[in-house]
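What follows is calculated from the coordinates using simple rules that are stated; it is not laboratory data. Predicted model, so just to flag it, every value in this text is computed and none were measured. Here the Cβ is made from the backbone with ideal geometry for all residues, glycine too, and neighbour counts use every protein chain on show.
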Amino acid sequence: MKVMIQIPCLNEEENLPVTLADLPTSIEGVDEIETLIIDDGSTDRTVEVAQECGVDHIVKLPRNKGLATGFQAGLDACLKLGADIIVNTDADNQYYGGDITKLVRPILENRAEMVVGDRDVSEIDHFSPSKKSLQKIGSWVVRRLSDTEITDATSGFRAYSREAALQLMVVDNFTYTLESLIQAGKTRVALSEVEIRTNPKTRESRLFGSTSTYVRRNGLAILRIYARYEPLKVFFTFGVIAFVLAIASWMPFLADWIFNGDRDGNIQSLLLGAVLFIVSMQLFALGIIGDLLAGQRVMTQRVFERVRRVELELEVEPTHLVDPPANRTTV
């Protein structure tokens, strides 16, 4: 049984040694523990520091492509390197590495295929009250949309079984945490969560510069991801809203016509209602088209999974993999 711990990095030369030192060296029921760094186009000595610290594998992307792309590249490399369980953690040492033992236990005991670490955000000292509230509201929304019971939806401290990782396909260009959770819920992956500890804050988040940015980007990400997986519900909901508003806009004109026999007044309400009615019909049509495209997405995901399995059978080498310091040629 091999566990691979992947750590996405962007200019983490200062924090990486502490993060690596915090990782467990042995886990009951696990034969091998290996570390893999995903360097997302760092401009500092992240790769050199990782090599000096003795990491087992390094995936080096030629330029910064974002957290989601780095996560997917690491997942692909871990599978090709023979991982049975893949753990994802952050390079800023946000999560307590010793809790990886708790994170992989449900998978080792065949109770789950994907495990999410619950940080208990209400107890994190460096989170402001507004951020704690927003985290809880966002996680509640994701639970409703994904049909899951995961408490901490944005936690990046996660473990995946080999089968769960083979099925996972993240296409959102912002974050993998929300999409992978919604996708897991829709594809009926066996999910579990465990309570985890966090370490003191080492630096500011690089994903969000302010609370307003956090709300805007996360809100748009949730809407976009859910629309990708449930387009019929999303567009029909907006279509029904537009249709009801169209009826409401027509009411002044209809009332004037029925009760006063006047068809010349309230023309503006008639025009507004007509516009809203057209919009509602377009939204209904988009829902149907989106539902057809969602079917294509499911088939694409299944093809992607089969391609992954074929590549593993053919022993295709991971892309952008940097060899250990003794032989530093890129594959």
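Key figures for this structure:
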item: Compactness of the chain as Cα Rg over 2.2 N^0.38 Å, two decimals; result: 1.21
item: Farthest toward positive dipole pole in the chain [+1 Lys/Arg, -1 Asp/Glu at C-beta], among Ile258, Pro62, Asn11; result: Ile258
item: Candidates Glu163, Glu113, Glu28, ranked by Gaussian network fluctuation over the chain, Cα under 10 Å, top entry; result: Glu28
item: R0 of 51 Å, Cβ-Cβ distance Leu23-Met281: FRET efficiency to nearest 0.05; result: 0.35
item: Size of electric dipole in the chain: Cβ of Lys, Arg +1 and of Asp, Glu -1, about Cα centre, debye, nearest 20; result: 1100
item: Inter-label distance, nm, simple model (7 Å from Cα along the C-beta direction), Leu271/Arg216; result: 3.3
item: Which listed pairs, of Lys60/Lys186; Lys2/Lys60; Lys2/Lys80; Lys131/Lys201; Lys102/Lys201; Lys136/Lys186, have C-alpha distances above 24 Å, in listed order; result: Lys60/Lys186
item: Estimated FRET transfer efficiency when R0 is 35 angstrom, pair Ile241-Arg188 (beta carbons, to 0.05); result: 0.70
item: Residues Leu312, Leu67, Leu181, sorted so that the one with the fewest Cβ neighbours within 10 Å comes first; result: Leu312, Leu67, Leu181
item: Relative contact order for the chain, counting Cα pairs under 8 Å that sit 6 or more residues apart, in percent; result: 18
item: Simple label model, 7 Å out from Cα along Cβ direction - Arg143 to Arg297, nm; result: 2.4
item: Simple spin-label estimate for Arg224 and Val171 in nanometres, 7 Å along Cα-Cβ; result: 1.2
